[in-house]
Amino acid sequence: MKIVRFRHEDEIGYGVLKGDEISLVDGNVFGVFHIGDRKLALDDVRLLAPCEPGKAVCIGLNYVDHAAELNMDLPAEPLMFLKPSTSVCGPGDTIVYPAMTENLHYEAELGIVIGKRCKAVSEEEAGECILGYTCANDVTARDLQARDGQWTRCKSFDTFLPIGPCIDTRFKPDSAPIRLTLNGEEKQSSDISNFIFKVPRLISFVSQVMTLLPGDVIITGTPPGIGPMERGDVVRVEIEGLGVLENVVG
Ligand code: MG
């Protein structure tokens, strides 16, 4: 099931996408809901970020091939940092190039959408905490990352976390091609089977530190090929099975 959040005229709602049609949902997609009779054409709505995370937990180096590219040893445990809720934007939204940076980078990532409150869960229990998966772009001001020595400023500007286009509840995060194109040119290409830390380990690890709540997102690290974006660029994150997340830099 592909869950989308949309705006249609003055209405914001959730629906289930099938082909070019959205069936509207009654109830709470993070709780009890059912698919109603009312339908809208995908062309008639504006897709929004598919959830409104209270927090986005981000994982640093997590691809074997990215570690090799950087000539780095594999980490012994996941490196985590946060992006604020206000960094989230949706498909088609403009990534705003801040005046404070001169080196704005893309990072294609798989996003995990948490479905229920979880704290200190085991890897075996982790699957029950997941609503589904989405595409994400961990936009980063690379010069500020080097200058500050910690990552709050460089990762946290408004619009620095595009997510979407949907939450896929059936996606299996064992293997899937992940790629990023900039103005149609491929810049990143890998497979999520190259994860150093798999999804159950990440959820268990993060939940030992902080309680995860419905709608929270964990983004899982980026493959090789990170690089700069300029104003006017069209950036697309594509994970096979999850669709395409496209944004313009402005
Ligand atoms: Mg990242």
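Rounded to the nearest 20 Debye, what is the dipole magnitude of the stretch 102-183 about its Cα centre when Lys and Arg each give +1 and Asp and Glu each give -1 at the C-beta?
Working: 10 positive and 13 negative charges, 30 e Å.
Computed about the Cα centre, the dipole is about 140 debye.
Rounded if a/c is under 1.5, else prolate if a/b is larger than b/c, else oblate: which is the chain, with a ≥ b ≥ c the root eigenvalues of its Cα gyration tensor? Let's see the in-between values first.
Details: a/c = 1.65, a/b = 1.22, b/c = 1.35.
Since a/c reaches 1.5 but b/c is at least a/b, the shape of the chain is classed as oblate.
So, for the chain, what is the accessible surface per residue at a probe of 1.4 Å, expressed in square angstrom? Please list the in-between numbers first.
Working: 11090 Å² over 250 residues.
Result: 44 Å² of accessible area for each residue.
Show me, for the stretch 108-124, the HN-Hα J-couplings you get by feeding each phi into the Karplus relation (A = 6.51, B = -1.76, C = 1.60, θ = phi - 60°), rounded to Hz, glycine and proline as x.
Once rounded to whole Hz, the list reads 6, 8, 7, x, 9, 9, 6, x, 8, 4, 8, 9, 6, 7, 7, 4, 5.
Using +1 at the C-beta of Lys and Arg and -1 at the C-beta of Asp and Glu, which of 162, 237, 189 has the Cα lying farthest in the positive direction of the dipole of the stretch 49-249?
Sorting the options by dipole projection puts first 162.
With label points built 7 Å along Cα→Cβ from the Cα atoms of residue 119 and residue 85, find their separation and express it in nm.
1.9
Compute the relative contact order of the chain as a whole-number percentage, counting only Cα pairs closer than 8 Å that sit 6 or more residues apart in sequence.
On the way: 651 pairs, mean separation 65.6, N = 250.
In percent, rounded to a whole number, it is 26.
Please enumerate, by chain and number, the aspartates and glutamates with C-alpha under 12 Å from the C-alpha of residue 187, excluding those fewer than 8 residues away in the same chain.
107, 238
Just want the answer: with Cβ charges of +1 for Lys and Arg and -1 for Asp and Glu, which residue in 105, 205, 76 is farthest toward the dipole's positive end in the chain?
It is 205, whose Cα lies furthest towards the positive end.
Would you mind getting me the FRET efficiency between residue 12 and residue 183? Use the beta-carbon distance for r and R0 = 22 Å, nearest 0.05. Walk me through the numbers on the way to the answer.
Values: r = 31 Å, r/R0 = 1.41.
The formula returns an efficiency of 0.10 here.
Shape verdict for the stretch 87-148, please, from the Cα gyration tensor: rounded (a/c under 1.5), prolate (a/b greater than b/c) or oblate. Let's see the in-between values first.
Working: a/c = 3.35, a/b = 2.06, b/c = 1.63.
Note, shape of the stretch 87-148 comes out prolate.
With a 1.4 Å probe and every protein chain kept in, tell me what percent of the accessible surface of the stretch 49-249 is carbon plus sulfur.
Answer for the stretch 49-249: carbon and sulfur cover 50 percent of the accessible area.
What shape does the stretch 1-48 have by the C-alpha gyration tensor, where a ≥ b ≥ c are the square roots of the eigenvalues, rounded means a/c under 1.5, and otherwise prolate means a/b greater than b/c and oblate the rest? Show your work: numbers first, answer last.
Details: a/c = 1.72, a/b = 1.36, b/c = 1.27.
Prolate, because a/c is 1.5 or more and a/b exceeds b/c.
The values are calculated or read from the model by the stated rules, or taken from the named source; none is laboratory data. Since the structure is predicted, the reported quantities are computational estimates derived from the model, not experimental observations. All Cβ positions, glycine included, derive from the backbone under ideal geometry; neighbour counts span all protein chains shown. Protein only, heavy atoms only, side chains kept; ligands, DNA and RNA dropped before computing areas. Shrake-Rupley method; radii C 1.70, N 1.55, O 1.52, S 1.80 Å.
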